[in-house]
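To start, the structure under review is shown below, and the notes come after it.
The values are calculated or read from the model by the stated rules, or taken from the named source; none is laboratory data. For clarity, every value in this text was computed on a predicted model and none was experimentally measured. All Cβ positions, even for glycine, are placed from backbone atoms using ideal geometry, and neighbour counts span all protein chains on display.
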Amino acid sequence: SGDYLEFLTNEIRTALSKVTKQNLEKIIIAYEPVWAIGKSERDAMSPNLIHEMTIFIKKTLSDLYGQEEISKVPILYGGSVGPTNVRDIMTRGEVSGLLVGRQSLDADAFKEILGIVNSN
C-alpha cells in the first residue's frame, strides 16, 4: 500500500542520510519485509513482488543519488529464503543476492541453497 511505500522511502532516506555519492559503492541494501521474518518458505514474497520492491528501492536511490549511481548498490532479499524458492527469487526477483536467515543454521539446507545459487 501507499503507506508502506512511504514508510520504506523514509527508512531508506534516513539510513542513507549521511552517505555521499562517493561512498555509495560501499553500501549494500538488504530488504526483508517484517512480516516474512521467521516464517517458512511458503510465506515468502512472490518473486514478482520482490522484483517490484527492487525497482522501488532503485527508484528511491535514483531520486537521492541519480540514475547513474544506482548500479553501484547491490540489493539483497531476505525473508523466508530456502531451497524451494531460492531459484525463483534469484531469477525472477531481480536481486543481487540473498540474506539467508533460519535456513543458514541448517547446514544441509544452506548447502542446497548455495548449490542452487551457484548453478544459476
statement: Filter region 32-52 for residues that are surrounded by 14 or more Cβ atoms within 10 Å (Cβ to Cβ) and at pLDDT 75 or above; the one that is nearest to residue 87 (Cα to Cα) is 47
- request: Look at residue 9 and say whether it is in a helix (DSSP H, G or I), surrounded by 12 or more Cβ atoms within 10 Å (Cβ to Cβ) and modelled with pLDDT of 95 or more.
  value: yes
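Among 70, 55, which is the only one that is loosely packed, with under 14 Cβ neighbours inside 10 Å and under 18 Å from residue 16 (Cα atoms)? Show your work before the answer.
Working: 70 fails: loosely packed, with under 14 Cβ neighbours inside 10 Å.
Exactly one of 70, 55 is loosely packed, with under 14 Cβ neighbours inside 10 Å and under 18 Å from residue 16 (Cα atoms), namely 55.
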Residue check for residue 84: surrounded by 13 or more Cβ atoms within 10 Å (Cβ to Cβ) and part of a loop (DSSP other than H, G, I, E, B): yes
